[in-house]
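The values are calculated or read from the model by the stated rules, or taken from the named source; none is laboratory data. Bear in mind that the values here come from a model prediction, so they are computed numbers and not experimental data. Every residue, glycine among them, receives a Cβ derived from its backbone with ideal geometry; neighbour counts consider all protein chains shown. Quick note on the areas: whole protein, heavy atoms, side chains included, nothing else; ligands and nucleic acids left out. Shrake-Rupley method; radii C 1.70, N 1.55, O 1.52, S 1.80 Å.
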Amino acid sequence: MNNYNKLRHLLPGLFVSFLMLPACSSDDVQKIVDEVVGDVTVSGQLTSSANPSGEQDVSVKGIYGGVLGDTDSVTTDASGMYSLVILKDTPVSLQASKTGFVTLNSATDSLSADESGFDIEMVTVDDANDAIDQVFPAQKIDGFAWLVVNVVDSADAEVGGVKITTTGDPTETAATDCDGGNISADTTYTDDPCIPERPGPMYFAHFDTDSAEITVTAEGIGTQLAPVRRGEVTYLEFVQ
């Protein structure tokens, strides 16, 4: 979640203490976590090209992985708004899903305070397949685990000339121009800024895996940890 600031992580000893409690039920473990860690709220709006004022009935949840698993899901209201309670200072990714749309994942990150304005734009499966076909002809969203990366400046304008690398051995990578065509394996487009309706993202990668956790680096800017899952898209944004 690229807007998260002042990131902190739980002490390793806290996780060790969980592993030493085999007699505790999952409810007991969750109670201990809540008491020791506390919680925060992340909120925002889900939109789509069909419903720019808000996409209703999108399911949003947090995915911790490991012993903590997933949060309960919440559903967006008529204005596309959601509010989700997650554990404080605990690495988590957000996942948004709705029938007919691509399931979207955020980076894995943690919050030390409430955060509002974490907005997500949903993409239909058909639109996603059309965009993928421009870059990787004949590939479909459900065949691989997908990563999409964009690099912007402080004014939210796309930044070119940034090299993107990942762990996890992607099957293919591509950086695209304003028309969505493949122009480079790993370096973001360097021409004039693209229009907001740009059909292709700046960087694509796909992985032949059911599920993995990877590290994504934008050279000279930073790194983000991200989940990738087959048939889903993980979207990351780096701010230069």
Original post:
Pulled fully out, how much extra length does the chain show between Asn129 and Thr41, if you take 0.36 nm times their separation in residues and subtract their Cα-Cα distance?
Top reply: 28.4 nm
**OP:** Note down the Stokes-Einstein diffusion coefficient of the stretch 56-188 in µm²/s, whole number, using a Kirkwood radius over alpha carbon pairs, 10 °C, and 1.306 mPa s.
**Re:** 94
Subject >> Solvent-accessible surface (1.4 angstrom probe) belonging to Thr47, in square angstrom, nearest 10 >> reply: 30
**OP:** Consider all pairwise Cα distances in the stretch 111-194 and report the whole-number % of them above 19 Å.
**Re:** 50
Subject >> Cα-derived Rg to Rh of the stretch 171-240, Kirkwood definition >> reply: 0.96
Original post:
Mean separation of Cα pairs under 8 Å and 6+ residues apart, divided by the residue count of the stretch 147-189: what relative contact order is that in percent?
Top reply: 36
**OP:** Please work out the average accessible area per residue across the stretch 121-240, using the 1.4 Å probe convention, and give it in Å².
**Re:** 47
**OP:** Sticking with the crude label model, points 7 Å out along Cα→Cβ, report the distance from Asp208 to Asp186 in nm, one decimal please.
**Re:** 2.0
